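J.: Below is a structure I'd like to ask you about.
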Amino acid sequence: MVNKTEDKSLEERGRIMISLKYNTQKSCLVVGIIRCAHLAAMDANGFSDPYVKTYLKPDENKKSKHKTAVKKKTLNPEFNEEFCYDIKYADLTKKTLEITVWDYDIGKSNDFIGESDAVSSSICRCVAVEERVQ
């Protein structure tokens, strides 16, 4: 995952492991959010309360956003959650999966930890992918 700053420099903020597979029977892309590791600490206690958001772009209907449960006080959360996007196999090459990691904060805006864009061509095969969080 990356945090893109104004000067376009990249700072590693951790790693995320996802799985991507296409279910031909249901005509859907199954995105698995497995875990994160070595996330940046965003809270004063030296931890974060991370969760992951996924978004299949472009999305005219704005219905493709999903998010995991929040994992409290950890820099190495285990999610093991799956989200299904109804999409024809032939349309996968026209899409990009945006994955962002956030730190949940009560009473104020959540902190952005980082992001990773999975290119649409890699969606077309069943794989487990590990990305650096920057």
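The values are calculated or read from the model by the stated rules, or taken from the named source; none is laboratory data. Since the structure is predicted, the reported quantities are computational estimates derived from the model, not experimental observations. Counting neighbours? That spans all protein chains shown, and the Cβs are built from the backbone with ideal geometry, glycine included.
J.: I'd like to know if the stretch 76-84 contains one or more residues that are at pLDDT below 90, in a strand (DSSP E or B) and over 21 Å from residue 110 (Cβ atoms).
T.: Checked against the condition, which is being at pLDDT below 90, in a strand (DSSP E or B) and over 21 Å from residue 110 (Cβ atoms), the stretch 76-84 yields no hits at all.
J.: Has the stretch 112-121 got any residue that is surrounded by fewer than 18 Cβ atoms within 10 Å (Cβ to Cβ), modelled with pLDDT of 80 or more and within 16 Å of residue 13 (Cβ to Cβ)?
T.: The answer is yes; a qualifying residue exists.
J.: Then there is this: Determine the pairs where a residue that is without any contact (Cβ under 8 Å) to a residue 24 or more places away in the chain, located within the stretch 46-59, has a partner that is of a type outside the set (S, T, N, Q) and crowded, with 16+ Cβ neighbours inside 10 Å with Cβ atoms under 9 Å apart, the partner being 6 or more residues away or on another chain.
T.: 46/75; 59/95
J.: If you don't mind, there's one more thing I want to ask. What's the number of the only condition in (1) surrounded by 15 or more Cβ atoms within 10 Å (Cβ to Cβ); (2) more than 17 Å from the chain's Cα centre (by Cα); (3) of a type outside the set (Ser, Thr, Tyr) that residue 23 fails to meet?
T.: Unmet for residue 23, out of (1) surrounded by 15 or more Cβ atoms within 10 Å (Cβ to Cβ); (2) more than 17 Å from the chain's Cα centre (by Cα); (3) of a type outside the set (Ser, Thr, Tyr): (1).
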